Amino acid sequence: MAGCYNGDPEVKDGHQQGVDFSLHGPPFAIGEVGYRWNYRKDAPALPGFVEAALLRASIYVRLGKYAEASKEFNYLVSIHPRSVTFARVLSDRAWFQTTCPNSSFRNGQQAIRDAKAACSIMSWKDEDMIDTLAAAYAEAGDFDSAVRYAAQALAVKGISSEDAKVFREHLAWFQQRKPIPVSQ
C-alpha cells in the first residue's frame, strides 16, 4: 500500500513527496504527512502529524536508529499536542526510555515523570500507561512501586485478556526485582 500527501505548499508535484507505507522507502518517508511543514516554528501541527511522527519514531526504534527516535519523541513533547494525544506521546517516550536496547537512551527517572503525567492526563484509567509507569519504576530500580503499579494496571476494568497476560509477565519480572528484559 502506498500513498501520497499533496498538502505541502512547497511541493507542486505530489509525486515528489510520496509516502511509502510498504517500508521500502527511506524510513523518514513513513508518515511523512506534514513533516516538513510542522518542523517550521511558525506552523501549527497539521491533523495526523502527531500520529505520523509517533509511527516514524516507532519505526526508528525498530531499525535501531535510537537517536532519531529520541529526537522525534522529544520534539513531539515540545509541541504539546492536545491532551489525549499528549498522554500517548509521553507514555510512548517513557516506554522508549525504559526499554531501549541501547542503555544510553534509557532514563528511568524521566520515564517515571512522563508516565505519571500520562496516567494523570488519562485519569489513571489507561492500563497500558499504568503498565508503562510500572516498567519505568523497575528500570529506575524501585521494584516495590513497579509491583504496585503493575497490579493497578491489571485491575483496570475492561482490560483485554492479551494485555492481562503481558502485564502478568511484567509483574512476575518486577516481583523477581528485575526490569523488563530488553532485546539487543
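Condition test on E72, is it in a helix (DSSP H, G or I), modelled with pLDDT under 95 and within 12 Å of the chain's Cα centre (by Cα)? Even if it seems obvious, please write down each step before you answer.
Values: in a helix (DSSP H, G or I): yes; modelled with pLDDT under 95: no; within 12 Å of the chain's Cα centre (by Cα): yes.
No.
Residue-by-condition table, conditions (1) modelled with pLDDT under 95; (2) more than 21 Å from A164 (Cα to Cα):
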site	(1), (2)
A52	yes, yes
T85	yes, yes
W95	no, no
R106	no, yes
Q109	no, yes
C119	no, no
K125	no, no
L133	no, no
A138	no, no
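If only one of V182, V156, V166, V147 is closer than 17 Å to T98 by Cβ and assigned to a loop (DSSP other than H, G, I, E, B), which one is it?
On the way: V156 fails: closer than 17 Å to T98 by Cβ; V166 fails: assigned to a loop (DSSP other than H, G, I, E, B); V147 fails: assigned to a loop (DSSP other than H, G, I, E, B).
On inspection, the qualifying residue turns out to be V182.
As an exercise: evaluate G64 against (1) at pLDDT below 95; (2) more than 14 Å from the chain's Cα centre (by Cα); (3) surrounded by fewer than 21 Cβ atoms within 10 Å (Cβ to Cβ); (4) farther than 23 Å from A153 by Cα and give the number of the one condition it does not meet.
(1)
For D114, work out the one condition from (1) outside any helix (DSSP H, G or I); (2) within 16 Å of Y137 (Cβ to Cβ) it doesn't fulfil.
(1)
Quick check, is V182 among the β-branched types (V, I, T), in contact with a helix residue (DSSP H, G or I) (Cβ under 7 Å, 6 or more places away or on another chain) and within 18 Å of W124 (Cα to Cα)?
no
For region 97-111, which positions are of a type outside the set (S, T, N, Q) and surrounded by fewer than 24 Cβ atoms within 10 Å (Cβ to Cβ)? I'd like the intermediate steps shown before the answer.
Applying the first criterion (of a type outside the set (S, T, N, Q)) to region 97-111 yields 100-101, 105-106, 108, 111.
If the condition is that a residue be of a type outside the set (S, T, N, Q) and surrounded by fewer than 24 Cβ atoms within 10 Å (Cβ to Cβ), then C100, P101, F105, R106, G108 are the ones that fit.
With the structure loaded, tell me whether V166 is of a type in the set (V, I, T) and surrounded by fewer than 18 Cβ atoms within 10 Å (Cβ to Cβ) or whether it fails that test. Spell out how you get there, then give the answer.
On the way: of a type in the set (V, I, T): yes; surrounded by fewer than 18 Cβ atoms within 10 Å (Cβ to Cβ): yes.
Spelling it out, V166 is indeed of a type in the set (V, I, T) and surrounded by fewer than 18 Cβ atoms within 10 Å (Cβ to Cβ).
The values are calculated or read from the model by the stated rules, or taken from the named source; none is laboratory data. Please read all numbers here as calculations on a predicted model, not as lab measurements. Note: ideal-geometry Cβ built from the backbone for every residue, glycine included; neighbour counts use all protein chains shown.
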